[in-house]
Amino acid sequence: MTQETYNTLRNNHTEEYSCYTRSVTKDVCVCPKGYGDYMCATSLYQKCFINITEPAFYQGCREKPDTPYYLYSVPGYDPCHFFDFSKSYEIKYKLECRTISDTGLVNIQESEMTGYEYRDVTRQAAYNPFQYVATNPETSFGVMEGEDVQVRFGIRDWKYLSNVYKTEQVVSDPEVLAGTKEQSIEIDFSQLEASDAAGETRFVTGGRAYFEANIFGYHVSSFTTKGFFDKEGYVEPVADNIGNRAAKIWASVSGSILLVSVLLCFVIYFCKQARQS
């Protein structure tokens with residue numbers, strides 16, 4: 001009998017039923033963080049995010065100067081971190097992961113739980129503490145042994161959008177998976193420049209390379225980290241102002257009218273000469 005049924009009978013049917021309560025103790029399976037089911041053998045789904053720490057993309061660039069001629073700048077992605085595109089760079093990042101509940105929501109605080117969700121619990125289960133290989137003290141996210149994920153940085157080709165320059169690595173360090181330690185990945189920008197110079201791609205457009213970073217793994221999905229790598233030393237094209245543009249258009253029209261007038265005069269002159277002869 002559930003607590004709701006017991007309350008209903010006691011409050012509304014006291015003449016028909018005689019109810020009593022008693023406590024029952026059962027042996028249960030308590031699962032470590034990130035695992036579930038009756039035997040704690042199923043790893044729960046996780047949602048992760050790549051937080052780029054060097055350069056510090058997460059700090060934003062709003063306080064740095066921009067220019068009205070930077071017409072291809074997307075709001076929120078102002079030019080901020082510049083790279084020599086003839087070199088390779090190590091990009092540092094941290095992983096931030098959470099498990100997902102049965103309702104599809106991300107768990108803010110991680111905790112151990114029983115494999116079955118018991119009702120009317122009056123005392124929580126007592127058990128020996130689990131030994132995690134790494135734990136994040138801020139989120140309580142714990143990592144057991146034998147786990148790994150794949151991290152991928154992809155730079156988009158603006159000539160053929162289906163083409164992506166991928167840099168990948170497998171991460172198995174428990175402290176990195178828990179989000180307490182930085183990891184680095186090397187991206188070779190010179191290959192982008194070489195491919196663009198051959199006319200095969202357009203990875204670098206307007207002095208920028210657009211990237212997306214994702215995490216893949218068993219029962220692991222991720223939010224997409226995205227942004228731009230800006231090319232060091234790139235000179236932005238300066239658009240002509242309206243006055244100069246109007247003057248050029250007027251000069252072009254005037255020149256065309258003058259040329260037509262001169263040709264018309266020659267045609268009239270030669271026609272008169274032909275008639276007189």
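All of the numbers you see were taken from the coordinates with simple rules; none came from a lab. All figures in this text were calculated on a predicted structure; none of them were measured in a lab. With ideal geometry, Cβ positions are generated from the backbone for all residues, glycine too; neighbour counts draw on all protein chains shown.
So which trypsin sites (Lys or Arg not before Pro) in segment 92-121 pass both tests, a DSSP loop state and at most 11 other Cβ atoms within 10 Å of the Cβ? Intermediate values should be presented prior to the final figure.
On the way: sites: 92, 94, 98, 119; in loops: 119.
Sparse-neighbourhood loop trypsin sites (Lys or Arg not before Pro): 119.
Under unit Cβ charges (Lys, Arg +1; Asp, Glu -1), what dipole magnitude, rounded to 20 debye, does the chain have relative to its Cα centre?
The dipole of the chain has a size of about 1600 debye.
Using a 10 angstrom cutoff on alpha carbons, build the Gaussian network for the chain and name the most mobile of 24, 133, 220.
The residue that fluctuates most here is 24.
To the nearest 500 deg cm²/dmol, what mean residue ellipticity at 222 nm is calculated for the chain from DSSP H runs of n ≥ 4 alone, each contributing -39,500 (n - 2.57), summed and divided by the residues?
Numbers: 4 runs with 58 residues, N = 277.
Result for the chain, helices only: -7000 deg cm²/dmol.
Can you give the longest stretch of the chain with no exposed loop site, where a site means GluC sites (Glu not before Pro) in a DSSP loop (not H, G, I, E or B) with at most 14 other C-beta atoms within 10 Å?
Longest gap between qualifying sites, sites excluded: 64-116.
Mind checking the log10 I(q)/I(0) for the chain at q = 0.10, 0.11, 0.15 Å⁻¹? Debye, one equal scatterer per Cα, no solvent, two decimals.
Values, matching the q order: -0.75, -0.83, -1.15.
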